[in-house]
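The values are calculated or read from the model by the stated rules, or taken from the named source; none is laboratory data. These numbers were taken from a predicted model, which means no experiment stands behind them. Ideal geometry is used to build each Cβ from the backbone, glycine not excepted, and the neighbour counts take in all protein chains shown. What goes into the accessible areas is simple: the full protein's heavy atoms, side chains included, and nothing from ligands, DNA or RNA. Shrake-Rupley method; radii C 1.70, N 1.55, O 1.52, S 1.80 Å.
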Number of protein chains: 2
Amino acid sequence: MRELQPWKRLSTRELLSLPPRLRILSDKIRLPDGRIVDDFYRVVMPDFACVFAQTPDGSILLERHYKHGVGRIDLSVPGGYLEPNEEPLQGAKRELEEETGYQADRWHLMGSYVVNGNQGCGKAHLFFATGARKVNDIHNDDLEETEVLLMKPKEVIQAAIKGEIATLTSMTAIALALNKEFVTS
Amino acid sequence: MRELQPWKRLSTRELLSLPPRLRILSDKIRLPDGRIVDDFYRVVMPDFACVFAQTPDGSILLERHYKHGVGRIDLSVPGGYLEPNEEPLQGAKRELEEETGYQADRWHLMGSYVVNGNQGCGKAHLFFATGARKVNDIHNDDLEETEVLLMKPKEVIQAAIKGEIATLTSMTAIALALNKEFVTS
């Protein structure tokens, strides 16, 4: 393998600050070959957790709701932004219970992924939870009106192929969870 | 299924404009239940295309490079932002050839996904290309120094499990392409 060098960040300016959701930064960078990049933008957003949750009979918990970033009604896995200083697993458990009323017995992290390799846009922590069972009412303070659905894996795959899963994070969680080669424990 | 209503966007303010890479907007929204949300932020970024490209012997083209949004060296599939008015397939073919020197015979769209269901952050168009062969030198004007690798599917899965695939888009393309149930043609 070739010897690759990281970039060096020389300074950072803040262009916009909208706490707690969004900060826009501009980094001045020195590349390994000595070139200077004056304005490399970063989009700083909170990390979030998403959950592919399966019940003992193999059904998967999905949410149907209008998503403003998509501009239409779609199907998503439960999830949301982490609270300040919240651990990803704790946030995943909280979001699953708030949004669906379910808790799960076993939790497996399928990876933590930077949303945009150039600009950042936060990190997605993707969980696979099994033994999910309803223990509570939904107590969701999200702005979206949400319908909670139980679907079989084949129905989820059909929905994906029809384009009903509109967001990258939900699609990643589903594609990883339904491929046994990626889920090792 | 319940009757779900879309949100109504009443007005939009521009908070930051850094063409062609980034605009930050604030939407004033009326929810279906009549509540008004004064500041729902949107992050407008260019759409991009990513390619899971496989050679006739089943090897997969990956790139090893420092990514500033990640802050370390990682493995990605080839891809990049679309140019203005560029079709996703055209952008995917261009990025593959610029970054690796490869062209491919058959192209299949594995879906187009909004990066963030709330704030937007652009759309990812994910392609599966087969019959990839080297036809050209690399002529990449990206800032990153990049090493192009050919890896077998099992090696890619091992790299994913070890956390070497650090970005959501690359992981989605790989997880979808390596799951035959999602790739229907």
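Across segment B:17-41, which residue is surrounded by the most Cβ atoms within 10 Å (Cβ to Cβ) among those that are outside any strand (DSSP E or B) and among the charged types (D, E, K, R)? Steps first, please.
Residues of segment B:17-41 outside any strand (DSSP E or B): B:19-21, B:31-35.
Narrowing further to those that are among the charged types (D, E, K, R): B:21, B:33, B:35.
Numbers: B:Arg21: 16, B:Asp33: 8, B:Arg35: 9.
The residue in question is B:Arg21.
Here is a check on your reading of the model: is B:His139 in contact with a helix residue (DSSP H, G or I) (Cβ under 7 Å, 6 or more places away or on another chain) and open to solvent by 50 Å² or more (accessible area, probe 1.4 Å)?
Values: in contact with a helix residue (DSSP H, G or I) (Cβ under 7 Å, 6 or more places away or on another chain): yes; open to solvent by 50 Å² or more (accessible area, probe 1.4 Å): yes.
Yes.
Collect the residues in segment B:42-91 that are part of a helix (DSSP H, G or I) and surrounded by fewer than 21 Cβ atoms within 10 Å (Cβ to Cβ), keeping them in residue-number order.
We begin by selecting, within segment B:42-91, every residue part of a helix (DSSP H, G or I); these are B:88-91.
B:Pro88, B:Leu89, B:Gln90 - these are the residues of segment B:42-91 that are part of a helix (DSSP H, G or I) and surrounded by fewer than 21 Cβ atoms within 10 Å (Cβ to Cβ).
For segment B:61-104, how many residues meet the condition of being more than 14 Å from chain A (Cβ to nearest Cβ), touching a helix residue (DSSP H, G or I) at 6+ places or on another chain (Cβ under 9 Å) and not hydroxyl-bearing (Ser, Thr, Tyr)?
Total satisfying the criteria: 5.
Inspect segment A:24-42 for any residue being more than 30 Å from B:Glu145 (Cβ to Cβ) and of a type in the set (S, T, N, Q) and give the result as yes or no. Full working, then the answer.
Here is the first cut: in segment A:24-42, the ones more than 30 Å from B:Glu145 (Cβ to Cβ) are none.
Within segment A:24-42, not a single residue is more than 30 Å from B:Glu145 (Cβ to Cβ) and of a type in the set (S, T, N, Q).
How many residues does segment A:113-148 contain that are at pLDDT 90 or above and acidic (Asp, Glu)? Working first, answer last.
Start the filter on segment A:113-148 by keeping residues that are at pLDDT 90 or above, which leaves A:113-135, A:147-148.
Remaining after also requiring acidic (Asp, Glu): A:147.
Going through segment A:113-148 one residue at a time, the tally reaches 1.
Determine whether segment A:4-14 contains at least one residue that is within 8 Å of chain B (Cβ to nearest Cβ), aliphatic (A, V, I, L, M) and surrounded by 16 or more Cβ atoms within 10 Å (Cβ to Cβ).
No, segment A:4-14 contains no residue that is within 8 Å of chain B (Cβ to nearest Cβ), aliphatic (A, V, I, L, M) and surrounded by 16 or more Cβ atoms within 10 Å (Cβ to Cβ).
Scan segment A:105-130 for residues that are open to solvent by 20 Å² or more (accessible area, probe 1.4 Å) and either part of a loop (DSSP other than H, G, I, E, B) or at the interface with chain B (Cβ under 7 Å from one of its Cβ atoms) (or both) and jot them down.
A:Asp105, A:Asn118
Cβ-Cβ distance below 6 Å, separation of 6 or more or different chains: which pairs start in segment B:137-156 with a residue that is in contact (Cβ under 8 Å) with a residue 24 or more places away in the chain and within 19 Å of A:Pro32 (Cβ to Cβ) and end on one that is open to solvent by 90 Å² or more (accessible area, probe 1.4 Å) and in a loop (DSSP other than H, G, I, E, B)?
Here the result reads B:Glu147/A:Arg2, each pair linking segment B:137-156 to a residue that is open to solvent by 90 Å² or more (accessible area, probe 1.4 Å) and in a loop (DSSP other than H, G, I, E, B).
Can you tell me which residue within segment A:157-176, out of those that are free of Cβ contacts under 8 Å to residues at least 12 places away in the same chain and of a type outside the set (Gly, Ala, Ser), is most open to solvent (accessible area, probe 1.4 Å)?
Of everything passing the filter in segment A:157-176, A:Lys162 is most open to solvent (accessible area, probe 1.4 Å).
Exactly one condition in (1) in contact with a helix residue (DSSP H, G or I) (Cβ under 9 Å, 6 or more places away or on another chain); (2) facing chain A (nearest Cβ under 8 Å) is false for B:Arg21; which is it?
(1)
Right, A:Asp27: charged (D, E, K, R) and either modelled with pLDDT of 95 or more or under 30 Å from A:Tyr102 (Cβ atoms) (or both) or not? Before the answer, list the steps.
Working: charged (D, E, K, R): yes; either modelled with pLDDT of 95 or more or under 30 Å from A:Tyr102 (Cβ atoms) (or both): yes.
Taking the combined requirement at face value, the residue satisfies it.
State yes or no: is A:Glu145 out of contact with any helix residue (DSSP H, G or I) (no Cβ under 7 Å at 6 or more places or on another chain), of a type outside the set (A, V, I, L, M), in a loop (DSSP other than H, G, I, E, B) and open to solvent by 50 Å² or more (accessible area, probe 1.4 Å)?
On the way: out of contact with any helix residue (DSSP H, G or I) (no Cβ under 7 Å at 6 or more places or on another chain): yes; of a type outside the set (A, V, I, L, M): yes; in a loop (DSSP other than H, G, I, E, B): yes; open to solvent by 50 Å² or more (accessible area, probe 1.4 Å): yes.
In short, yes.
For A:Thr167, which of the numbered conditions (1) more than 8 Å from chain B (Cβ to nearest Cβ); (2) closer than 29 Å to B:Pro32 by Cα fails to hold?
(1)
Test B:Glu95 against the criterion of being under 16 Å from the mean Cα position of the chain (by Cα), closer than 23 Å to A:Gly69 by Cα, at pLDDT 95 or above and not in a strand (DSSP E or B), and give yes or no. If you could, list the steps in order and put the result at the bottom.
Numbers: under 16 Å from the mean Cα position of the chain (by Cα): yes; closer than 23 Å to A:Gly69 by Cα: no; at pLDDT 95 or above: yes; not in a strand (DSSP E or B): yes.
No; evaluated as a whole, the condition is false for this residue.
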